[in-house]
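Here is the structure we will look at, set down as structure tokens.
Read-outs: derived from the displayed coordinates by stated rules, not from any lab. All of these numbers come straight from a predicted model, not from anything done at the bench. With ideal geometry, Cβ positions are generated from the backbone for all residues, glycine too; neighbour counts draw on all protein chains shown.
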Amino acid sequence: MSKTGCSFVTPVATYGREFDLLKRDGGQLFLGARPADGDMGREDKRPTALGAALVKAKS
């Protein structure tokens, strides 16, 4: 995925890092809500709101 990207993640070659927002609350992990254009490769594009909590897949 780093080389080719996917529907919502840009390839690393496009920009070498993303500026994200994270929150851990008990057993939940929240990531920043991605902007509509999906571009988080600049500090000014860092999310200002959190998305839904991630759910850990059972193995």
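Normalised by the number of residues in the chain, what is the relative contact order in percent for Cα pairs under 8 Å and 6+ residues apart?
Working: 85 pairs, mean separation 17.8, N = 59.
So the answer I get is 30 percent.
Hey, which lysines would be in cross-link range of Lys23, C-alpha to C-alpha under 17 Å, not counting anything within fewer than 8 residues on its own chain?
Within the straight-line cut-off, Lys23 pairs with Lys56.
With a sphere of radius 15 Å drawn around the Cβ of Gly27, what net charge do the other residues whose Cβ falls strictly inside it have (Lys, Arg +1; Asp, Glu -1)?
Values: positive: Lys23, Arg24, Lys56, Lys58; negative: Asp25.
Residues near Gly27 contribute +3 overall.
Does a label point 7 Å from the Cα of Leu50, set along Cα-to-beta-carbon, have any residues of the range 1-31 with amide nitrogen under 19 Å, and which are they?
19-31
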